[in-house]
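What follows is a set of notes on a single structure, which appears directly below.
The values are calculated or read from the model by the stated rules, or taken from the named source; none is laboratory data. Since this is a predicted model, take the numbers as computed values, not measurements. In this analysis, Cβ positions are derived from the backbone assuming ideal geometry, glycine residues included, and neighbour counts consider all displayed protein chains. These accessible areas exclude ligands, DNA and RNA; they are computed on the full protein's heavy atoms, side chains included. Shrake-Rupley method; radii C 1.70, N 1.55, O 1.52, S 1.80 Å.
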Amino acid sequence: MDNKQIKTLINRQKINHTLDQPFYTDDSIFKVDLENIFSKQWVFVGHISRIPNIGDYFLFEIGNESIIIIRDDNNEVHAHYNVCRHRGSRICLEKEGNKKLLVCPYHAWSYKLDGSIKSARLMNDDFNPEEWSLNKCHVKLFEGLVFLNLSNKPNDF
């Protein structure tokens, strides 16, 4: 479905009625929603009580992305893309749990809970670990609620 067809559907929408079926089932509408709403706005992902202890984490799925929400050694909450910077493997395979270290199951690169790299096996001497931390998402806590923003320049919370 192209943008013109989507606009036609929106204009046909009756006030105080549910959305037409394509808004729930059409992949192209879902893609537009992800690009224009979910990837640019603050999204509620859970409550801080899900990660009460250092190393506690849970995964949040949004579109095709998997995000690790984790409490670090300084009791701060971080949000990292669940993708190893080396070969793109998922780091956390379980939906929730506790980790002392984030270790990629593919080549065993390891990351600290704050997302900085701890070790990268078999890399050249010119390898700069500071350039290979996990990719972060913007995260905000408000009254115990955890929010993410996937954009590079998030709007004010």
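Scaled against the 2.2 N^0.38 Å expected of a compact globular protein of N residues, the Cα radius of gyration of the chain reads 1.26. Measuring between alpha carbons in the structure, the pairs from K4/K153; K31/K153; K99/K140; K7/K136 lying more than 30 angstrom apart are K7/K136. In this structure the chain gives 66 Å² per residue of accessible area when probed at 1.4 Å with all protein chains present. Dipole check for the chain: with +1 at the C-beta of Lys and Arg, -1 at the C-beta of Asp and Glu, and the Cα centre as origin, the magnitude is about 200 Debye. Annotation: segment 18-87 has a Kirkwood hydrodynamic radius of 14.2 angstrom, from the mean reciprocal C-alpha pair distance. Think of the chain as having a plus end and a minus end, set by charges on the Cβ of Lys, Arg, Asp and Glu; of S39, F127, F23, F23 sits farthest toward the positive end of this dipole. Leaving ligands, DNA and RNA out of it, report the carbon-plus-sulfur percent of the accessible area of segment 43-92 at a 1.4 Å probe. Using a 1.4 Å probe with all protein chains present, segment 43-92 comes out at 41 percent carbon and sulfur. Return the whole-Å distance between the Cα centroid of segment 79-157 and the Cα centroid of segment 21-56. After rounding, the separation between the Cα centres reads 18 Å. By the Cβ distance rule of under 4.7 Å, the chain has these cysteines without a partner: C92, C137. Using Cβ point charges alone (K and R +1, D and E -1), the dipole size of segment 10-75 about the Cα centre works out to roughly 300 debye.
Between the helical axis of 3-12 and the longest alpha-carbon principal axis of the chain there is an angle of about 50 degrees. Only helical runs count toward this figure. For the chain, summing -39,500 (n - 2.57) over DSSP H runs of n ≥ 4 and dividing by all residues gives -3500 deg cm²/dmol at 222 nm.
Add +1 for every Lys or Arg and -1 for every Asp or Glu among the other residues with Cβ under 12 Å from the Cβ of I48, and state the total. Net of charged neighbours comes to 0. Annotation for F142 and R12: the two label points, set 7 Å from Cα along the Cα-Cβ direction, are 3.6 nm apart.
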